[in-house]
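Asks: Quick one: the structure is below, questions incoming.
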Amino acid sequence: MSALRGAGAVVALLVLLVLPTAALARLAATDIAVGFLLGAVLFGPVRLRHPPRVAVLTGACAAGVVTLASLVGGHPWVLAALVALATFAAGLSAHWGLHSAAVLVPVAAVVLHAPAPPGHALGLGVAVFAGTGYGLVLLGRLPLPPPAPDEVSPLRGAVVFGLVLALLTGPATLVTSAAGVPHGYWVALTVLMVVQPSLEASRERAVARILGSTLGAVAAAVTASVITNNEVLVGLGLVFSVASVGAARNYALKSALLTMSIVLLVGGHDSGESTALLRLGLTVIGGVAVLAACFLLPWVAGLFDRDDA
């Protein structure tokens, strides 16, 4: 009986996500609808690990950063600096055990940074914040197991963590944006979702992310080649996004579901085989960059330790 209630709650959640998203897509614009949806599926689940006020605060920050990212999206250097600053702040938040929530701010920015006029950019930010509140209300009624709390890092470790994030995501955003790489944000997105305050955890998540994203990208390519209706693809993306929340304890599975979700939600009709494979390649690049940083950092730290001695 409890399983049936849980399944019913998931179906109701999907319906309640689809209705406002579809309405916004028809009445406003597709990217406004996607901003609302990402606000709900990214920041709504924050309440599973942190108090609701943390979700509201990070959603508000994301709204501001997304608005700025849209305004400067056509200027690669400025966009890269904004992303680097947001990722450094996310890394620094590990000192207060808030990394899992704060890192979603630059995640939203790199996904929704397409250049837009001021009015539209502001509307996109408002949509993200509105989606945050909507997701908080919906997920508060869904019986989901709480994930493990974030570990609190020493201040020095949090600063290093933030610098590593900034030094990986800033240049990645600059290169992919300046070169006009389609869906180039996937490199920075991979770094943001993989890098953790612990080197060992980052290595494990990098491998799991590459494995999960590979499976998710292939599955999304097959799905988009069989199903050509954009509304059906968006609906499937919603299903996978909700499923990824429930798979919080298995990071490879979560990565696969999240990859399928974002490919289908953000790409929609443009989520064919070539697009999914491009995203897979960009994910591998981001994962390899994280693994390289994990192996180089101890060596760099050892040099400084020897100098101090």
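Asks: Dividing the convex hull volume of the alpha carbon atoms of the stretch 1-159 by its residue count, what do you get in Å³ per residue?
Replies: Working: hull volume 14.8 nm³, N = 159.
It comes to 93 Å³ per residue, whole-number rounded.
Asks: So, one more: With a 10 Å radius around each residue's Cβ, average the other Cβ atoms per peptide and rank 73-82, 105-114, highest first. Before the final figure, lay out each step's value.
Replies: Numbers: 73-82: 17.9, 105-114: 26.0.
Averaged packing, sorted descending, gives the order 105-114, 73-82.
Asks: Looking only at Cα atoms, what is the convex hull volume of the stretch 94-136 per residue, in Å³?
Replies: Numbers: hull volume 3.7 nm³, N = 43.
About 85 Å³ per residue, rounded to a whole number.
Asks: How high is the relative contact order of the stretch 1-159, in percent, with contacts defined as C-alpha pairs under 8 Å that are six or more residues apart?
Replies: Relative contact order comes out at 37 percent.
Asks: So, by mean Cβ neighbours within 10 angstrom, what's the order for 62-68, 120-126, 86-92, 187-193 with the highest one leading?
Replies: Result, highest mean Cβ count within 10 Å first: 187-193, 86-92, 62-68, 120-126.
All of the numbers you see were taken from the coordinates with simple rules; none came from a lab. Here the structure is a predicted model, which is why all the values come from computation and not from measurement. Glycine also receives a Cβ, built like all others from the backbone with ideal geometry; neighbour counts cover every protein chain displayed.
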